[in-house]
1. Could you list all residues from the stretch 112-150 that are part of a loop (DSSP other than H, G, I, E, B) and at negative phi?
2. If only one of 26, 4, 42 is surrounded by fewer than 17 Cβ atoms within 10 Å (Cβ to Cβ), at negative phi and in contact (Cβ under 8 Å) with a residue 40 or more places away in the chain, which one is it?
3. Kindly provide the set of residues from the stretch 254-277 that are basic (Lys, Arg) and more than 10 Å from the ligand (Cβ to nearest atom), ordered by number.
4. For the stretch 190-245, which residues satisfy the criterion of being loosely packed, with under 13 Cβ neighbours inside 10 Å, outside the structural domain of residue 258 (by TED's automatic domain parsing) and within 31 Å of the chain's Cα centre (by Cα)?
5. Can you name the condition, by its number, that residue 174 falls short on among (1) of a type outside the set (S, T, N, Q); (2) out of contact with any Asp or Glu (no Cβ under 9 Å at 6 or more places or on another chain); (3) over 30 Å from residue 17 (Cα atoms)?
6. For the stretch 402-412, enumerate the residues that are within 16 Å of residue 382 (Cα to Cα) and assigned to a helix (DSSP H, G or I).
7. Mind checking whether some residue in the stretch 136-146 is closer than 22 Å to residue 306 by Cβ, surrounded by fewer than 22 Cβ atoms within 10 Å (Cβ to Cβ) and either within 9 Å of the ligand (Cβ to nearest atom) or of a type in the set (Phe, Trp, Tyr) (or both)?
8. Limited to the stretch 369-395, what total is found for residues that are of a type in the set (D, E, K, R) and either more than 17 Å from residue 358 (Cα to Cα) or more than 46 Å from the chain's Cα centre (by Cα) (or both)?
Amino acid sequence: MYQAPRGTSDILPQEQYYWRYVETKAANTCQLYGYERIDFPAFEDAGLFTRSIGAETDIVDKEMYTFEDRGGNKITLIPEGTASICRAYVEHGLHNLPQPVKLYYFASVFRYERPQAGRYRQHHQFGYEAIGDDDPALDAEVINMAWQLFQSLGIPRLSLILNSIGCKICRPGYLAVLKNYYANYVNELCSDCKTRLGRNPLRLLDCKNLSCQQIADVAPKSADYLCQECAEHFSQLKRYLGLLELPFVVNHRLVRGLDYYTRTVFEVQPEAEGSQSTIGGGGRYDNLIEELGGKPTPAIGFATGIERIILNLKSQQVLVPPLPKPEVFIAHLGNDARDEAIKLSFKLRQAGIGVIESTGSKSLKAQLRQANTLGVNHAVIIGDQEVKSGTVILRDMTNARQEAIPLARLEERLKQ
Ligand code: HAM
């Protein structure tokens, strides 16, 4: 028996209402803020991600699905969406449009991780990017948009975590201070952190290991080492978030797991679980477009995992509306009745009434049982007798009451 590959899952019909709910709220939020949809390929040139996410990150180092295709090209299944959007921005000359260009996407994302609740090898992201402006008001918009999305989804008890990790100018100075600080604790660090210290010292700050966390808690803070421009940017952003009355908390240990970030980084986390199960995150990446061959272009964005949103909707018992479905079932007994049922189903659907038509040759009892299981409001029953008299039996499935009505009046009755 074949099974879905480890870390992937089928989204069965009974789960789909969660997905439509999230997708609709996300698309509505984008419309309110003036973001337009973009779609990009499920795979890209492998180099795009090494270049953007960074060779020293877990994603590039351990998690990418990279392979050589039959033409000898090195291909990677996308591990996130930001790099693809920046590639598309450069490739299609989107710098010629009025800036900032605001785009959103839904995409399947692939990361070879150890599967567990909320962590999969294929997951689905909703994300958006605002490219071409470094105004902190844009950071405030992007952060607010994420917060308002979760508000509109009705997910309570979330925290908004914020930090600034500086730019090309001030980051090297901060990293030197950080390395210096950690030099005193090398023997107490977990083995991962010992390696990270040489390769990617920022990542020591968000280590999940308890003893490393204690060391990180009192480590020097990036916000204290910002250059004047980054400091002003951060303080303006906090002021704007205050104007918007967003309940943000600055946490100096928030650094994010992708190397392209500059200045603003932020995450939305469930209050109870914290960073272990971050529901969404993003930040500024002012150098990325240039690194991918474009002109220097500041940008900021955010992405959230739809599976994690749905886990939260379920655990917080948020009421999600069901999807609309046909409300009429047509049951029939006898050959003439079957012909009539085929014509009637088509006629009703053309009139905009959803119909499930019985097929096969089940007994009436079995057909009504099926109608009941499907949860339709009405069953229309046709026997050869009804065909002769030009009537149908209309059965209210909620109270089992039924009546004979002329076939010609059925559409009008159902519409009522
Ligand atoms: P990220 O934090 O790597 O950021 O992923 C965004 C979200 O995707 C996470 O907060 C989480 O909800 C979900 N996610 C990540 N990995 C998994 C997984 N293995 N299983 C299930 N859900 C997962 C980015 O990808 C950046 N591109 C975000 C961004 C956009 N930054 C700027 N613009």
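1. Once the filter is applied, which keeps residues that are part of a loop (DSSP other than H, G, I, E, B) and at negative phi, the stretch 112-150 yields 112, 113, 114, 115, 117, 120, 121, 133, 134, 135.
2. 42
3. If the condition is that a residue be basic (Lys, Arg) and more than 10 Å from the ligand (Cβ to nearest atom), then 263 is the only one that fits.
4. Scanning the stretch 190-245 gives 199, 208, 210, 217.
5. (2)
6. 407, 408, 409, 410, 411
7. No; the residues of the stretch 136-146 include none that is closer than 22 Å to residue 306 by Cβ, surrounded by fewer than 22 Cβ atoms within 10 Å (Cβ to Cβ) and either within 9 Å of the ligand (Cβ to nearest atom) or of a type in the set (Phe, Trp, Tyr) (or both).
8. 3
The values are calculated or read from the model by the stated rules, or taken from the named source; none is laboratory data. Please read these numbers as outputs of a predicted model, since none were measured by experiment. Positions of Cβ are backbone-derived with ideal geometry, glycine not excepted, and every protein chain shown enters the neighbour counts.
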